[in-house]
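One structure is given here, and the rest of the page talks about it.
Taken together, the values in this text are just the output of simple stated rules run on the coordinates, not laboratory data. Because the structure is predicted, anything quoted here is derived from the model rather than measured. Cβ sites come from the backbone with ideal geometry, for glycine too, and all protein chains shown count toward neighbours.
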Amino acid sequence: MIALRNQPLFVVMMAITAGSMLVPVLFAARLEQWLFARTFLYHSIVLLLITALIAIAMSNRDLSNRSANRLMDILAGFVLMPFFMAMPLSFLMPQIGFFAAYFEMVSSFTTTGASVFLPNQTVPDVIHLWRALAAWMGGFLMLVVAIAIFKPVNLGGFEVYTSSKDGVLLNQTIKRAALRDRLIRYSAVIFPLYTLLTAVLALLLILSGDRMLVAVIHAMSTLSTSGISPVGGLSGSAAGYIGEVFIFGFFIYGITRHLFFVDRNESAINLVKRDKELNMALYLVVVIPAVLFFRHWLAASEVNQGNEFYQAISALWGSMFTVLSFLTTTGFESNGWAASRDWSGLGTTGLILMAVAVMGGGIATTAGGVKLLRVYALYKHGLREMQRLSYPHSVGGSGSRARNIRREGAYAAWIFFMLFLVSIAVGMLCLSLMGVDFEDSLILSISALSNTGPLLAAAGDNGITYGALSNTSKGVLCALMILGRLEALAVIAILNPNYWRK
């Protein structure tokens, strides 16, 4: 047997994908759905054979330790792994077509959660489990990649902390530590915790009233921030508000990385207290729901006077949960979100949800979007510039790290933000050329690039669905989802010849 340790990352991903197909096999066998069990088993065996042949061909090659090769492996994985994942799906549901199945698995693997299936459409439970499992694996992959590959080369949001002095130290560190060793080490650290957290949340949801499959899928969707649900969202869940409270608590893993990656020299509590991303998320979760809540009296919205207190509590909770859900790019809507809209008097809240989804969650988490650390860097830079307008000779304090964030960090964040906006504009242009109107193309581009698939149903008013799009439009969204998951700076780094020469 060829050791996967000495194989390229892409081959390892193929082997893991083949092995993960055995989970639907066991689940289908338990339900005595033998067609589904055989389908996933046969595809698993075929993919294992293909993986073994590629591994044999690559066994005598000297693998380069350059991070550019690892980034290329990740890009190839997000493009080709959904191809293998889509084969059993297209075989079991031939009516949707192979490309729609590929779109479904790209959406799942990038933790976007955009589905071609309608909420009321009958889909086998095995398919729902496979979608959620693909998203769960994609979330785990991004956790490992962020800390093992992106952090040493200052990508994925870590460029905000970069200074000119740090560059030399980082290059020396990269030379000393092999990328392959880092991937193995961090995978061994993250996977048990990632699995344990998923199991704990699933157990809490089961105790709240959900059946086992729904609880497991919602738990995997929460930790991976994919928002995939077999019952059309939390509105179809039997856990109710108690389940929402548990899910709300686990959203923190999409905001701060310090709960996964704890510094040995400092406690996790101190790191969380000083976490700028967590502080900004708390600010947004308090301010936005408060504005919606107090707008009730400004807009003189009418509610049932007999149930006003209950509606007020439901509206406040619904806005807090939904804002944090879209901030982590999960996309779950609270059962009280409709009450929150009615209470505030806003007919549509799509712009609020789109803005929150664009901000995104924390760096080195499973969340997408621009990331809160970049937003914080731009905020601190703007605040400092306004101070200089009032006091031209003032000196900015808070230490060297804060100065780096306001200067080099803000510069890098601004570049990424511009690339993000340009990507949205290009996506809108491509979708508009294919017949999608302006509003829908805007929502589709933002939902794909921020990896927030449920945003289309939450923010759109025209009733458009992913399944109604043409294959060409789906192809554009696939490219945007992969670009949003890898981030534009990483893709540019792959295309930069100088990066390959280092």
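What the table shows:
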quantity: For the stretch 183-251, alpha-carbon Rg and Dmax in angstrom; calculated: 12.4, 40
quantity: Under the span-like rule (Cα at least 24 Å along the axis, Kyte-Doolittle mean at least -1.0), DSSP H helices of the chain; calculated: 34-58, 67-92, 125-145, 179-207, 276-299, 308-327, 372-390, 410-433
quantity: Contact order relative to length of the stretch 1-146, as percent, for alpha carbon pairs under 8 angstrom and 6 or more apart; calculated: 23 percent
quantity: By average C-beta atoms within 10 angstrom, highest first, the peptides 143-153, 486-496; calculated: 143-153, 486-496
quantity: Cα-based Rg / Dmax (Å) for the stretch 360-501; calculated: 18.4, 59
quantity: Among 113-120, 130-137, the order from most to least packed when residues are scored by Cβ within 10 Å on average; calculated: 130-137, 113-120
quantity: Per-peptide average of other Cβ atoms within 10 Å, ordering 89-96, 253-260 highest first; calculated: 253-260, 89-96
quantity: Percent of Cα pairs exceeding the 19 Å cut-off, where the set is the stretch 336-397; calculated: 56 percent
quantity: Scaled radius of gyration (Cα, divided by 2.2 N^0.38 Å) that the chain gives; calculated: 0.97
quantity: Dipole in debye (nearest 20) - the chain, about Cα centre, beta carbon charges: Lys, Arg +1; Asp, Glu -1; calculated: 2160 debye
quantity: More than 18 angstrom apart: percent of Cα pairs within the stretch 28-137; calculated: 57 percent
